[in-house]
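The values are calculated or read from the model by the stated rules, or taken from the named source; none is laboratory data. This one's a predicted model, so the numbers in the text were calculated from it and none came from an experiment. Note: ideal-geometry Cβ built from the backbone for every residue, glycine included; neighbour counts use all protein chains shown.
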Amino acid sequence: MYAIDRATRRRLVPLVVAALCAAAAAPLAAQDYRYRAQAQAAQAPQPTPVRACFLLSELGGGELRRRPADGCDRQVSPAATFELAAAVAGLDASVVRANSVSNGQTLDSALASSNPGYFRDIDQQMGSVRMGEYLSRFGYGNADTRSGGEYWNGGSLRISPSEQMSFLQKLFGNQLPVSRQATTAVSEGLEPPGWIMTSRGRVIAAAGAMRGGVPPMIKTGAVDAGAEAVRWQVGLLTSGSRRYVFVSCVTGPAGLPQDAAAVVANNELRNAGVL
């Protein structure tokens, strides 16, 4: 070993300190990079998962099928299925008549084609506050009409599949707090012209193929609300002497196939022996 004079020591000390700091900084920099990468990944938008719910009950009776066992209580936009509630409310409030024409549509044709202008007219004549009061009486989801516009298409109004089932049981069972004429007119307006559901552009089940030959009553709805797509199919089926209410709801990323809920309903109804 040899002695280092004072002048040399003064030159070396800063260099050694700098080298030690650089060696310590390398793992710290890597650790900071990993932290920032994890934080960015957490903040990045996650892909919208696909969720499905199918419910089947006898009209006026108990639940027969719930797939999956949980997950049917999440509220989403009702889309065009809201037109059932809007039509009943409009008829009961006498702002629309079953045979009256608005925007070139009758109530039956507007329900069949989900004509948005027809139901915007009903909402404007009712007023969103009054419509919200009806929805509260119906137990229709959160009954929130405050966003204005088409609040049922990606707006403030939201309903879960379980709440849809409760509403449909009351609608088809004539148990809503409205006139019987209003519920009957809406139910009769849902009878489709010879078909029940379609998948990939083809007919799945024709009305005449139903057991007993009684036409089904169905309503579909579809909306892309932001990053999430919502697809519905709901209705009443008659098989022999029994009547069934069903709700099919599928949510997922925007661009989800329009017939997603119809496909689920077809599979589940066949598995249940209803179709």
(Q) List the residue pairs whose Cβ atoms are under 8 Å apart, where the first residue sits in region 230-243 and is closer than 15 Å to Glu188 by Cβ, the second is outside any strand (DSSP E or B) and among the basic types (Lys, Arg), and the two are 6 or more positions apart or on different chains. (A) Thr238/Arg211
Q.
So for region 92-101 (the condition being closer than 30 Å to Pro216 by Cβ, in a helix (DSSP H, G or I) and at pLDDT 55 or above), does at least one residue qualify?
A. yes
Q) Regarding Ala80, is this residue under 21 Å from the mean Cα position of the chain (by Cα), among the aliphatic types (A, V, I, L, M) and crowded, with 18+ Cβ neighbours inside 10 Å? A) yes
Q: Quickly run through region 139-150 and pick out the residues that are out of contact with any Asp or Glu (no Cβ under 6 Å at 6 or more places or on another chain), modelled with pLDDT of 95 or more, over 13 Å from Glu83 (Cβ atoms) and of a type outside the set (S, T, N, Q).
A: Gly139, Ala143, Asp144
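Restricting the search to region 246-275, which residues are in a loop (DSSP other than H, G, I, E, B), farther than 22 Å from Thr48 by Cα and free of Cβ contacts under 8 Å to residues at least 40 places away in the same chain? Break it down into steps so the answer makes sense when it comes.
So the first thing to find is which residues in region 246-275 are in a loop (DSSP other than H, G, I, E, B), and the list is 254-259, 272-275.
Going one step further and asking which of them are farther than 22 Å from Thr48 by Cα, we end up with 272-275.
Within region 246-275, just Gly273 meets the criteria.
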Q. So which strands (runs of 3 or more DSSP E) stay within region 187-233 end to end and still have 1 or more residues that are surrounded by 14 or more Cβ atoms within 10 Å (Cβ to Cβ) and at pLDDT 60 or above?
A. 217-225
Q) Filter region 64-77 for residues that are of a type in the set (D, E, K, R) and under 14 Å from Gln164 (Cα atoms); which is surrounded by the fewest Cβ atoms within 10 Å (Cβ to Cβ)? A) Asp73
Q. Would you say Ala265 is of a type in the set (Gly, Ala, Ser), at pLDDT 85 or above, closer than 26 Å to Ser156 by Cα and buried (at least 20 other Cβ atoms within 10 Å of the Cβ)?
A. no
Q. Of the residues that make up region 107-115, is at least one of a type in the set (Ser, Thr, Tyr), in contact (Cβ under 8 Å) with a residue 12 or more places away in the chain and either in contact with a Pro (Cβ under 6 Å, 6 or more places away or on another chain) or in a helix (DSSP H, G or I) (or both)?
A. no
Q | Close pairs from region 141-165: first within 17 Å of Gly235 (Cβ to Cβ), partner in a loop (DSSP other than H, G, I, E, B) and of a type in the set (Asp, Glu), Cβ under 8 Å, at least 6 apart | A | Pro161/Asp73; Ser162/Asp73
Q) If you scan region 154-189, which residues turn out to be aliphatic (A, V, I, L, M) and touching a strand residue (DSSP E or B) at 6+ places or on another chain (Cβ under 8 Å)? A) Ile159, Met165, Leu168
(Q) Anything in region 107-138 that is surrounded by fewer than 18 Cβ atoms within 10 Å (Cβ to Cβ) and closer than 13 Å to Gly189 by Cα? List them, or say none. (A) Asp108, Ser109, Ala112, Ser113, Ser114
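Mind listing just one residue for me: the one in region 47-63 that is assigned to a loop (DSSP other than H, G, I, E, B) and hydrophobic (A, V, I, L, M, F, W, C) and, of those, surrounded by the fewest Cβ atoms within 10 Å (Cβ to Cβ)? Spell out how you get there, then give the answer.
Within region 47-63, the subset assigned to a loop (DSSP other than H, G, I, E, B) is 47-50, 59-62.
If we keep only those that are hydrophobic (A, V, I, L, M, F, W, C) as well, we get 50, 59.
On the way: Val50: 12, Leu59: 15.
Out of the qualifying residues, it is Val50.
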Q | Test for Arg120: is it over 24 Å from Arg243 (Cβ atoms) and either assigned to a helix (DSSP H, G or I) or at pLDDT 95 or above (or both) | A | yes
